[in-house]
1. Peptides 166-175, 376-385: what's the order by average Cβ count within 10 Å, highest mean first?
2. Which of these, 369, 210, 183, has the largest mean-square fluctuation under a Gaussian network model of the chain (Cα springs below 10 Å)?
3. Taking the dipole about the Cα centre of the stretch 86-195, with the C-beta of Lys and Arg at +1 and of Asp and Glu at -1, give me whichever of 118, 90, 108 is farthest to the positive side.
4. Counting other beta carbons within 10 Å of each Cβ, put 19, 46 in order, fewest first.
5. Considering only DSSP states other than H, G, I, E and B, which trypsin sites (Lys or Arg not before Pro) in the stretch 15-83 qualify as loop sites with at most 14 other Cβ atoms within 10 Å?
6. Which of 65/273; 75/329; 39/240 have a Cα-Cα distance over 23 Å?
7. Please compute the length gained on full extension between residue 328 and residue 386, using 0.36 nm multiplied by the number of residues separating them and subtracting their Cα-Cα distance.
8. Kindly state, to the nearest 0.05, the FRET efficiency for residue 92 paired with residue 240, given R0 = 30 Å and r defined as their beta-carbon distance.
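Only the coordinates and a few stated rules stand behind these numbers; no lab work does. Remember, predicted model here, so these are calculated numbers, not experimental data. A quick note on method: Cβ atoms are made from the backbone with ideal geometry, for glycine too, and the neighbour counts reach across all protein chains shown.
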Amino acid sequence: MKFFLKGTAGRLFIINGLTALSYAFILPVMSTFLVEGLKAQPTFITLYSIGFATSGIVFNQWMGKMVDQGHSNKKLFICSLIAIFLSALAFLLCHNAWQALLTGVFLMGPGNASVPLLLSMIRHYSVNAGENATRLNSQMRAGVSLVWIAGPALAFIMADAFGFRFNFIASALLAGCVIIYSVFMLDPAQVQPVKSAVKEVGRRAVPAVVWLLGGVIVLSNLANHLYITAMPLYILREIKLPGYFPGLLLGMTALLEIPVMLIASGLSERYGKFKVMLAGFCFGLVYYSLLQLADSMVTLLLLQCFNALFYGVFVGLGVTIIQEALPEKRGFSSAFYSNAMRVGMMIGTSLAGILAQLYSFRVALLAPVASISLAALLILWVALSSASQKLDVARSNDI
């Protein structure tokens with residue numbers, strides 16, 4: 001616990017947690033806000049997701065490139081926080097779905113650049129301070145899960161009791177607090193690359209293995225966002241459980257994810273990241289298969305053990321795998337990871353709306369089985385290819 005309580009690492013942990021809490025009051029309820037609050041059709045979720053995600057991808061990659069070129073990571077991060085603050089205020093004033101779409105594209109999109117910028121700062125700090133990057137990423141992500149234990153549950157409870165506008169006010173207040181804290185408490189020298197490491201980003205192509213790993217991230221987060229988008233409406237409309245229960249499920253998963261992430265970082269050092277990721281995908285397949293049979297609160301709560309094992313391993317190790325594949329481009333690799341997550345989110349939320357419109361929310365919750373299966377095959381391919389390349393290098397050295 002000493003790590004969390006002192007120095008730059010402690011400040012990054014606080015910023016990370018408060019930023020996640022600001023998101024937690026908006027993201028989990030967005031599909032419900034569009035359909036129930038603004039009376040949009042389920043297919044509008046698709047349009048919103050595409051606009052929101054495309055904007056985020058553009059800003060993520062642009063700001064990541066600026067970090068690699070030596071621009072202040074701290075200043076860029078604060079700019080993205082201001083966008084989150086303004087987006088929460090804009091959602092507060094929305095009266096129709098098109099206003100929400102414009103807010104998602106022009107404010108929430110650039111606001112989401114805060115995620116890769118924060119990941120980049122954490123990576124720079126781990127290198128400058130000689131910290132174990134895998135363990136540091138897992139600990140920071142565990143802090144996000146700690147926030148999400150209460151955040152989504154509170155978001156749904158407050159939306160159910162007081163309306164969605166309460167959520168947006170809370171998000172704006174939290175974003176404002178993070179802005180003030182970051183301005184005064186974050187030392188830019190600790191979260192930037194050392195001067196000798198700042199150089200022009202090369203024009204050479206991104207290695208094929210990075211694109212394959214990006215596909216793994218896309219498919220995994222696609223499954224997760226299919227679930228996050230379809231599950232609340234499935235719970236409320238099709239199996240008629242209480243309005244607070246979707247938030248309780250998300251909070252339960254976040255609680256169970258924390259030890260999974262911390263243990264996964266240790267297991268990855270012993271058995272390798274790819275093997276641990278494959279095990280996580282197996283748990284994901286079990287979860288989404290059994291989800292089709294669950295129709296009671298008790299059963300759904302018990303199944304969150306498998307969901308936590310899947311998602312905890314995935315988010316605990318995913319960013320480190322991408323960053324290690326591109327060690328010389330920390331800003332780019334963090335943005336690439338975040339954009340892969342965003343593409344997965346865009347496709348997942350879009351598919352959820354389409355499948356729900358054409359069939360049902362139950363059918364939408366079956367699609368993650370195919371997505372996770374493909375992700376498992378991709379990472380197995382990368383693992384076997386990497387092992388083969390290492391064997392070839394070893395043989396050439398022997399000769």
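1. Details: 166-175: 20.9, 376-385: 16.9.
Per-residue Cβ counts within 10 Å, averaged per peptide and sorted highest first, yield 166-175, 376-385.
2. Judging by the Gaussian network model, the answer is 183.
3. After comparing all options, I get 118.
4. 46, 19
5. Working: sites: 39, 65, 74, 75; in loops: 39.
Hits after loop and neighbour filter: 39.
6. Over 23 Å apart, Cα to Cα: 65/273.
7. Computed gain between residue 328 and residue 386 is 18.9 nm.
8. It comes to 0.50.
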